[in-house]
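J.: One structure is given below, represented as structure tokens, and several questions about it will come after.
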Amino acid sequence: MRKSQSTGRLARRVTAASTAAIAMLAMLVSIGIAPAEAHDTIGGNEALKGRAYDGHVADPSPGGVAMEAISGARCEDGMAAGVFPCHKVDLDAFVPLTDLDVTFVNDIWGWEDNVTGMQVAIVGAIEGTVFLDVTDGRNPVHLGTLPPPSSVAGDPGNLWGDIRVYQDVAYIGSEALNFDELLAGDVSGGFGVQIVDLAQFRGATGAVDVELADRIDEISQSHNLSINVDTGRLYVLGSIAHDTPCAQDVGFPVPLGTGGAVVYDLTDPLEPGMIGCLDLDMYNHDVQCVVYHGPDADYTGREICVGSNEMAVRVYDATDIDDVQVLGTLEYLDVDFTDDTSDGLFPGAPAYYTHQGWFSEDHTFFFLGDELDEAQQGSPRTTYIWDFTDLDAPQLVSNFTDGNTSIDHNMFVLEGLLYQANYTAGLTIYDAWKAGQGRLTQRGYFDTFPVDDRTDFFGAWGTYPYFGDGKVVVTSSDEGVFVLDSRAKSSNNQFAPGRHR
């Protein structure tokens, strides 16, 4: 008997007896992960976080965007192309879902070739991973799409995917899992982690057959990936079912874990070697690991990781991966995580969800986003600003909000600016130079979901600002890929105007 999607997606967490897992089960069931007759199909009105997904592209999109490519639209008088509200962010190009032959996009990362200067946006989608040449931002070129492993090609877990790059190699993960094979004791039936040698795109001027270099198959699936490029470590996050030393024997057909990160060494980028586990007690939803150079001299040069772990922020010293030290577990809302308050938009879901965050460049501050506080607590869009001057005792500086009603998602920092993907509000660019005072200042924005700013899970999923020339690429799940050109600048004198352009 096949399991329903909601059961199949979540039983592994519950079986692992993880408190976070049980909470996640309640959340996803309550917000509409609909059961289906077959686990290996994405048709039939599947649901994504409380809204229907039927495998078809709407034209116009739910955000009111027509499936028509756009190129070279400057932001003038608060609008670009007569459709998109904006400020100091121009639209170089919009590539609709239909031009990529996909029905939904999720996260994004990028690669810049140090040999040719080629810039490639790597986009997660239900149908696979899209490689888009954005070197000429106004004329993106679809280089090809790598399909998921055949055993999970139709699995709705492909809605959730993540990509990271180390040197000239891309690592691709997904929640997709063949639950039938898992029940039979075979973890290799999951998505695993795909490995792609990006050098194959050098010289490409059009579509190529994307080749898979290798695949980590000892891990069944994952929710997110993270890489510390300074130490060459890959952290595979939220991997619930895996045949690794991080697993626990809980009487299931295969060993299961709590979802703590499984860590790989990338000395040979094409052949990662597993070296340990980050956390056997908490689910790691997202993690940023750095070689710390902040104000706390006790930890200078150490590998410090900050986990956004569903219920709390956890800080680790992971320098010795065989003896990871937990420096602290940080709570920021005075409310029970499992409180299924009827006042929230999703009754039965957790009261909040510690989602993702990023260090300031001087490692003094950590900016955190919570994915459910807006919906469940009725708060406006909120970014939590932490002072990490003392890693043994971080302090919450403020719950910053600008009053917008959208939900914040993934965010990253570059040259004093915080680039934040906000579902129905698109990309927001904040200046973080007053973070010590608990303030962020909006310097620019581009709304990829122009119809409204509802508190819901439509719109901008991910943003990649690290091409370093003002180019920012944003994925909007039901619309497509936006190649943007930011004119926003920080007021911090450390980042001279025009330095990155």
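J.: Go through region 387-409 and give me each residue that's within 21 Å of the chain's Cα centre (by Cα) and open to solvent by less than 10 Å² (accessible area, probe 1.4 Å).
T.: Across region 387-409, the qualifying residues are S406, I407, D408, H409.
J.: Something else now. If I go through region 241-262 residue by residue, how many of them are surrounded by 24 or more Cβ atoms within 10 Å (Cβ to Cβ) and in a strand (DSSP E or B)?
T.: So the answer is 4.
J.: Among the numbered criteria (1) open to solvent by 10 Å² or more (accessible area, probe 1.4 Å); (2) out of contact with any strand residue (DSSP E or B) (no Cβ under 8 Å at 6 or more places or on another chain), which one does A349 miss?
T.: (1)
J.: Additional query: Hey, which of the strands (runs of 3 or more DSSP E) in region 387-435, taking only ones fully inside, have at least 1 residues that are over 28 Å from V326 (Cα atoms)?
T.: 395-401, 417-422, 426-431
J.: Checking the structure you have, find out if any residue of region 147-160 is open to solvent by 10 Å² or more (accessible area, probe 1.4 Å), assigned to a strand (DSSP E or B), under 19 Å from F201 (Cβ atoms) and at pLDDT 95 or above.
T.: No: zero hits.
J.: Could you please let me know if R302 is more than 20 Å from G192 (Cα to Cα) and among the basic types (K, R)?
T.: yes
J.: Only residues that are modelled with pLDDT under 95, surrounded by fewer than 20 Cβ atoms within 10 Å (Cβ to Cβ) and either over 22 Å from the mean Cα position of the chain (by Cα) or charged (D, E, K, R) (or both): list them for region 277-315, please.
T.: Matches in region 277-315: D281 only.
J.: Return the residue satisfying two criteria in turn: it lies in region 161-200 and is surrounded by fewer than 22 Cβ atoms within 10 Å (Cβ to Cβ) and at pLDDT below 95, and of such residues it is nearest to the chain's Cα centre (by Cα).
T.: Restricting to residues being surrounded by fewer than 22 Cβ atoms within 10 Å (Cβ to Cβ) and at pLDDT below 95, the top hit is S188.
J.: Among the residues of region 318-346 satisfying the criterion of being of a type outside the set (G, A, S) and closer than 17 Å to W386 by Cβ, which is most open to solvent (accessible area, probe 1.4 Å)? First the steps, then the outcome.
T.: As a first pass, look at region 318-346 and keep what is of a type outside the set (G, A, S): 319-327, 329-341, 343, 345-346.
Pick out the ones that are also closer than 17 Å to W386 by Cβ and you get 326-327, 329-334.
Details: V326: 76, L327: 31, T329: 68, L330: 21, E331: 140, Y332: 19, L333: 43, D334: 165 Å².
So, considering only residues that are of a type outside the set (G, A, S) and closer than 17 Å to W386 by Cβ, the one most open to solvent (accessible area, probe 1.4 Å) is D334.
J.: Kindly check whether there is at least one residue in region 41-49 that is open to solvent by less than 10 Å² (accessible area, probe 1.4 Å), at pLDDT below 95, closer than 26 Å to D408 by Cβ and part of a strand (DSSP E or B).
T.: Yes, because at least one residue in region 41-49 is open to solvent by less than 10 Å² (accessible area, probe 1.4 Å), at pLDDT below 95, closer than 26 Å to D408 by Cβ and part of a strand (DSSP E or B).
The values are calculated or read from the model by the stated rules, or taken from the named source; none is laboratory data. Everything numeric in this text was worked out from a predicted model, so none of it was measured. When we count neighbours, we look across all protein chains shown, and the Cβ atoms used for this are built from the backbone with ideal geometry, even at glycine. Accessible surface is based on the protein model in full, side chains and every heavy atom, while ligands, DNA and RNA are left aside. Shrake-Rupley method; radii C 1.70, N 1.55, O 1.52, S 1.80 Å.
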